[in-house]
Amino acid sequence: MISRPSRHCTVELQALPSRIGQVRRIVSAQLRYWHLDPLIDPAALAVTELLANVHRHAQPDKQCTVEIVLMLDRLTVSVRDHDPRLPHVPECDLMATHGRGLALVAAVSQSWGMHARDDGGGKVVWFSLAVPQPAAPAKSPFAAHGAARTAPPDRTDLSRPAPPAGVRERAPAARSAVPH
C-alpha cells in the first residue's frame, strides 16, 4: 500500500530481495517528484541497506514499513519492523563483504539512529539527509534594459495614433468658432 500526501510517503512490504528493488525505485520516483534529484542516490542506497538488514535479521517475519517524510530542510527515511532487537553496529573491516550496511548509512546520511517502538512491537531505524537549498532564480538579462518598466498610462483619446516613445503629447491648439 502506498499513500502519498504532499510531503509524506509510506510503503508497507515484505523485505524480500525482489521487493527491495521495487522500494528503491519508489523512493527514487518520490524524490524526483519532490524535485530532490540530488538526494536520490544516497537515499536509495541507505534504504536498500536498511531493507537488506530487515531481510537478513528481522524475526519473526520480514514485514516492514518504509516511511519518507520531507520537512523544510530535512528528508527523513525510516524503516519499521516487528523485531524488537536493535541492530548491532560491528567494527568495520574494510575488506569485509558484508556487515557494513549501517556504516554505509552513516556515511551517506547527515544523521541516523534507531529506537525500540513505544508499543514494544519492533524497532525503527532511520536516516536523514539535508535538503539542498534551491538556487536563486536567474535574473533576466533584459531587466537591466527596461523590460521590467511599467507600461505607460492608458490613453483616453484613441482616435489618434500614440506618439513615439519618449515624445510628450501636447494638447491640441484651441480653435476659434469663427472661420477666418
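The values are calculated or read from the model by the stated rules, or taken from the named source; none is laboratory data. Since the structure is predicted, the reported quantities are computational estimates derived from the model, not experimental observations. Using ideal geometry, Cβ is built from the backbone for each residue, glycine included, and neighbour counts are taken over all protein chains shown.
Descriptive notes on the structure:
Here is a yes/no grid of residues against (1) within 21 Å of Tyr33 (Cβ to Cβ); (2) modelled with pLDDT of 95 or more; (3) more than 31 Å from the chain's Cα centre (by Cα):
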| residue | (1), (2), (3) |
| --- | --- |
| Cys64 | no, yes, no |
| Met71 | yes, no, no |
| Pro90 | no, no, yes |
| Ala96 | no, no, yes |
| Gly101 | no, no, no |
| Leu104 | no, no, no |
| Gly121 | no, no, no |
| Ala136 | no, no, no |
| His145 | no, no, yes |
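- Residue count, region 54-89 (criterion: without any contact (Cβ under 8 Å) to a residue 12 or more places away in the chain and closer than 14 Å to Gly122 by Cα): 0
- The C-beta contact set for region 102-115 (first residue of a type in the set (Val, Ile, Thr), second residue part of a strand (DSSP E or B) and buried (at least 16 other Cβ atoms within 10 Å of the Cβ), distance under 6 angstrom, 6+ apart or interchain) comprises Val105/Trp112; Val105/Phe127.
- When residues in region 44-78 are screened for being within 17 Å of Val108 (Cβ to Cβ) and touching a strand residue (DSSP E or B) at 6+ places or on another chain (Cβ under 6 Å), 10 of them pass.
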